[in-house]
Each structure stands twice: as C-alpha cells, then as structure tokens.
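Asker: After the structure tokens below, expect a handful of questions from me.
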Amino acid sequence: MNNPLHTMCSYMAMFPPSVPHYYIERYSKENDIVLDPFSGRGTTVLEACLMNRKGIGNDKNPLAYVLTKAKSNVPHRGRVVSRIKKLESKFNPSTINIDNEPENIKMIFSDYTLKQMVFLRDNLKWPSSNVDTFISAMLLGVLHGKSEGYLSISMPNTFSMAPNYVKNFIKSHNLKKPDRHVFELLNNKLKRCYQKPNKKGKAYHQDVRNMTKLKDSSVNLIVTSPPYTRVIRYGQFNWIRLWFFGKTGKEVDKKLFFSQSMNKYCVFMTETLKEMKRVLSPNGKAVIVIGDVKDRTSDKVFNLAEEVWQRCAKPLGFKLVEPIKADVINDNTKVSKIWGKKKGNATKIDRILVLEA
Ligand SMILES: C[S@@+](CC[C@H](N)C(=O)[O-])C[C@H]1O[C@@H](n2cnc3c(N)ncnc32)[C@H](O)[C@@H]1O
C-alpha cells in the first residue's frame, strides 16, 4: 500500500491507499472493474490496477484527470527516459518567450526554470500520449514545495496558498527564486516514484452526473469520496498547477460541485447516485467515504453520510450492506483543517457507506 507512485503529486482530500485496498479486497476479485467517479489523484485507480483489477477513474478537475490518467496506464520506464532526453535536446531557451506568463507565476519560478516549464507545457502531448501524460504528472508533482526537489521558491505547502499570501511570504522571508534544471528534477522524480502495475486502467474527464463513456451495468465496484459541503475549492487551491493547463482556479471551480446548502448537496448526491446505479452491475457495491462537516456559523456538526443514506441512497432503492462505519482521524492531517477554525469546515470524522445497487 505504500507504493511510491501514490505520492507522485499531492492532492487535497486524498484518501490513504489503505481505504480502497481494504474494500477492493473485500468486495471484488481479479479482473473486475473498479471505478472511482471522483478520482482525485487516482488512489483507487492505482490500487485497483496494483491488485489486478481494471481501475477506472473520472474527475472533472483537469489536474485530477491527468494524475489519474498517468497512474492508469504507466508506460515503460525506458520510454519515459528517452522522451525526457529527446525533449531536453530540443529545448532552446533563446526561442522561449515568457513575457506573457502571469506575474503570479513569475514571482515563484526563476526565468531559467520557467522557460523549461513553458517549453514542456507547450510540447508535452497529453492526453493523447501516455508517456507525455506520465511526464506531465511528474512535472506537476515537482512544481512547488519546500525542498530542492521542487522547482519553486521554498513554499511551505504542497497546495497553492492565495497569490497575495505567497507574495507576502516571499517578501517577509526574503526568498530568492532558485535556478532549477527541470529535466534533471524529472529524472530524479522518475527514480523516486516509478512503478508499473500489471494491469492497465482508464481515466475520464466528465461530470460525475453524466459519465457517458461508461456503459450500463459495466462496473463491479465503486470506491470513492465525493466533495463535502463547502470544504475545499479544488481549483483555487491548485492555481499554480492549473497554470500548466492554461486555466485559472476560478474557471475550474465553476465546473465542480461546491455549495454550503444541504438541500443542494442532496440534489447533487441523488443525481450522482443515480448515475452510479446505472453503471453498477447487478449486486455491484458502492463504497462512499463522506466526512462529517461543521456549520460555519453555528458550529453544529452534520453527519453527512447519514443524510446521504436517508435522503438520497435509500429513496433510490440502494441497500445498506454494512452499518455505517466511522473512521476517526486522530492527528491533524486533514488538509482542510489546517487553517484553524475559520476556514474549511471538515471534522475529524469520516464515515463509510457501503451500498448495493
Ligand atoms: C474528495 S476528492 C477525491 C479525492 C480522491 N479520493 C483521492 O484520493 O485523491 C473529490 C473530487 O471530486 C471532484 N469533483 C467535484 N465535483 C465534481 C463533478 N461534478 N464531477 C466530477 N468530479 C467532481 C473534485 O475535483 C475532487 O477531485
């Protein structure tokens, strides 16, 4: 479960590989199809492929899509090494113009590093090539962080803090933009994270409520974790990585579910569960991890999993296979908690619904 490929790039609200591992073993067999319709960094997909199942992922966030795609079809190491070498030989800094790159990006990377990043962004042919998709995912994994293994100024978090926060942080810590050799960092990353599962999977980039690429009754098991009510802005907190896709955080957030309203959440989850039911085979199971959330103003805690069961899944004719389990997180690892009381309303309790269609 500690496969290094899982940590290729960090992703907010990712679940530990042990969660899908446990349920994949419990509710599926080899060669079954295991789907995560909110795949994030592709934890379920990779774990399924490592366990000789076909892992299929879907996510509307382009960052999640590329990470999932990279893990669902890992190319041979030799092809990745040759492609990095070929790209490096084609790179000519004097032909790359970075004048029009956003100022917020220019404050984080040196010109030397940014030119290589721009060249790679413009030349990597993802998603059509699985080698280029894999290199893109590695690049996103080394884009920003604290140590010399990252391309950016030293940043305390692996998710993107607001641009103004970053600006002030650079000023107050008197940070200098380091000249990093991107191709070298990519080769080092490859050494750290490469692993090839026996089985190939697939990745899609559709809204969860309308996954037209998936046929009726084609999936044996779903293991997933949907967004909760108003906890994380997946676009905004990834604005640096989204530069690679030519998108802003706001543009991406507009396409993802985000609401404080319990009624809107229930409408969204009902439509999601309907789609899950359509793609699940008879007797197929859906394992859904949903955390409790706190109301911002009243501090009241909502058991969201229970709401989803009572208001969404039960009326659609799902059966509860096991009593709802609570998973208490003892440390402060939940990313949405790190801002303290004010921002992010996740709690330390995740609950696990196991449903049968
Ligand atoms: C809790 S995260 C999943 C994390 C994942 N389990 C992992 O280990 O990385 C929820 C995901 O739902 C995605 N999402 C939100 N709204 C969506 C929608 N309408 N259609 C598809 N994906 C959506 C977000 O982009 C996010 O990646």
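All of the numbers you see were taken from the coordinates with simple rules; none came from a lab. What you are looking at is a predicted structure, and each value in this text was computed from that prediction instead of being measured. With ideal geometry, Cβ positions are generated from the backbone for all residues, glycine too; neighbour counts draw on all protein chains shown.
Asker: Using only helices, what value at 222 nm comes out for the chain when you add -39,500 (n - 2.57) per DSSP H run of length 4 or more and divide by the total residues, to the nearest 500 deg cm²/dmol?
Answerer: Rounded to the nearest 500, it is -10500 deg cm²/dmol.
Asker: Still on this structure, I have one more. Can you tell me which of G57, G246, G317 moves the most in a GNM of the chain? Springs connect C-alpha atoms under 10 Å apart.
Answerer: Of G57, G246, G317, the Gaussian network model singles out G246 as fluctuating most.
Asker: If you don't mind, there's one more thing I want to ask. For I96 and N198, what is the calculated FRET efficiency with R₀ set at 35 Å and r taken between the beta-carbons, to the nearest 0.05?
Answerer: Calculated transfer efficiency: 0.35.
Asker: Calculated FRET efficiency, V81 and D295, Cβ-Cβ r, R0 51 Å, to nearest 0.05?
Answerer: Result of the calculation: an efficiency of 0.50.
Asker: Starting from 0.36 nm per residue, how many nanometres of slack lie between Q206 and A162 once their C-alpha separation is accounted for?
Answerer: Stretched fully, the Q206-A162 segment lengthens by 13.1 nm.
Asker: Rounded, prolate or oblate: which one fits the chain, using the alpha carbon gyration tensor with axes a ≥ b ≥ c (rounded when a/c is under 1.5, else prolate when a/b beats b/c, else oblate)?
Answerer: Oblate shape, in that a/c is at least 1.5 and b/c is the bigger or equal ratio.
Asker: Give me the number: length gained by fully extending R26 to N187, i.e. 0.36 nm times residue separation minus the C-alpha to C-alpha distance, one decimal in nm.
Answerer: 54.3 nm
Asker: Label point 7 Å out from R278 along Cα-to-Cβ: which residues of region 32-47 have amide N under 16 Å?
Answerer: Correct set: 37-38.
Asker: In whole Hz, what ³J(HN,Hα) sequence does region 138-148 give by Karplus (6.51, -1.76, 1.60; θ = phi - 60°), x for Gly and Pro?
Answerer: 5, 4, 5, x, 9, 4, 9, x, 8, 9, 6
Asker: On the principal axes of its Cα set, how long, how wide and how thick is region 140-294? Give whole Å, largest value first.
Answerer: 58, 43, 28
Asker: Also, I was wondering about something else. Which of the peptides 177-184, 113-120 is most tightly packed, and how do the rest follow, judged by the mean count of other Cβ atoms within 10 Å per residue?
Answerer: The most tightly packed comes first, giving 113-120, 177-184.
Asker: If you don't mind, another one. Assuming a ≥ b ≥ c are the square roots of the Cα gyration tensor eigenvalues, decide whether region 68-146 counts as rounded (a/c under 1.5), prolate (otherwise, with a/b larger than b/c) or oblate.
Answerer: Verdict is prolate for region 68-146.
Asker: Mind running the shape call on region 73-205? Use the C-alpha gyration tensor, a ≥ b ≥ c as the square roots of the eigenvalues: rounded below 1.5 for a/c, prolate if a/b tops b/c, oblate otherwise.
Answerer: Since a/c reaches 1.5 and a/b is larger than b/c, the shape of region 73-205 is classed as prolate.
Asker: Short version: ³J(HN,Hα) in whole Hz for each residue of region 190-195, in order, from phi by Karplus 6.51 cos²θ - 1.76 cosθ + 1.60 (θ = phi - 60°), x for Gly and Pro, what are they?
Answerer: Per residue, the Karplus-derived 3J(HN,Hα) values read 4, 4, 6, 10, 5, 6 Hz.
Asker: Each residue of region 43-49 in order: what ³J(HN,Hα) in whole Hz does its phi give by Karplus 6.51 cos²θ - 1.76 cosθ + 1.60, θ = phi - 60°, with x for Gly and Pro?
Answerer: 4, 5, 4, 5, 4, 5, 5
Asker: Name the residues of region 257-286 whose amide N is less than 13 Å from a point 7 angstrom out from the Cα of R311 along the C-beta direction?
Answerer: 259-271
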